[in-house]
Amino acid sequence: MTESNDSGEPFQVFTSADRIRQLNEIDKDVAKLIHSAGLAIQALTNARSNDSTTLASADNSLDSHKARFKEATSQYFALLSSIDVRLRRQVYALEEASILAPDSSSRTGDSGSGAAAGGASNPLDVSWLNSRKDTVGKEKEAELWAAARQFVQQIHQANSEDKATVKVEGEQETMEVD
């Protein structure tokens with residue numbers, strides 16, 4: 001669907017299904033991004049690749065490694081740039097739909113946080129999530145230490161009971177076991 005803005009320039013309106021398809025394509029490109037990063041790292045080693053694009057250049061010369069590295073890194077940065085642009089478009093669409101609060105630092109390039117600039121924090125902001133209080137881990141650690149202490153006490157108690165049940169019958173010692 002194409003509409004026009006006030007200046008008469010056409011723009012496209014995307015449905016929710018269109019946005020989900022775009023996110024799915026971004027997801028596929030993230031997998032390609034990771035693959036190209038792996039190819040770049042592999043080009044720095046002497047390992048052989050099963051990839052059909054690198055089978056043609058199966059020699060292990062330095063120039064071959066450089067060419068494969070350059071090709072893989074070029075693909076990596078092209079994909080990274082494309083993914084970045086498309087994700088920014090998705091974020092802007094969420095902001096326009098008032099699903100996310102606009103973050104002034106994301107558009108102006110400020111290094112300040114959105115909370116400082118806009119007065120409200122973005123619940124999806126990593127720094128906000130990292131600053132949250134982590135009591136779950138500490139509580140779980142305390143539970144594990146208490147369980148370990150109880151386990152050691154049970155073992156110690158069982159050992160002391162076993163020693164008490166050793167009876168001397170004549171010359172032989174017998175041990176009673178539960």
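General remarks:
- Computed on protein heavy atoms with a 1.4 Å probe, the accessible areas place Leu62, Leu87 in the order Leu62, Leu87, largest first.
- Net length gained if the chain between Leu94 and Ala47 were fully extended (0.36 nm per residue, minus Cα distance): 12.5 nm
- Nearest-10 value in Å² for the accessible area of Asp27, using the 1.4 Å probe: 100
- List Leu79, Leu44, ordered by accessible area with a 1.4 Å probe, largest first: Leu44, Leu79
- If R0 equals 25 Å, the separation of the Cβ atoms of His35 and Ala67 corresponds to a calculated FRET efficiency of about 0.90.
- The string of couplings for the stretch 144-156 from the Karplus curve (6.51, -1.76, 1.60, θ = phi - 60°) is 5, 5, 5, 5, 5, 4, 5, 5, 5, 5, 5, 5, 4 Hz, one whole number per residue in order, with x for Gly and Pro.
- Accessible surface ranking that places the most exposed of Phe11, Phe151 first, with a 1.4 angstrom probe: Phe151, Phe11
- Net lengthening on full extension, Ser16/Asn159 (0.36 nm per residue, minus Cα-Cα): 44.8 nm
- Contour excess over end-to-end distance, with Cα ends at Glu141 and Val85 and 0.36 nm allotted per residue: 16.0 nm
- Lys140 accessible area, 1.4 Å probe, all protein chains in place, Å² to nearest 10: 110
The values are calculated or read from the model by the stated rules, or taken from the named source; none is laboratory data. Quick caveat, the model's predicted, so the values are computed rather than measured. Quick reminder, even Gly has a Cβ in these numbers, built from the backbone with ideal geometry, and neighbours come from all protein chains shown. Heavy atoms of the whole protein, side chains included, go into the accessibility calculation; ligands, DNA and RNA do not. Shrake-Rupley method; radii C 1.70, N 1.55, O 1.52, S 1.80 Å.
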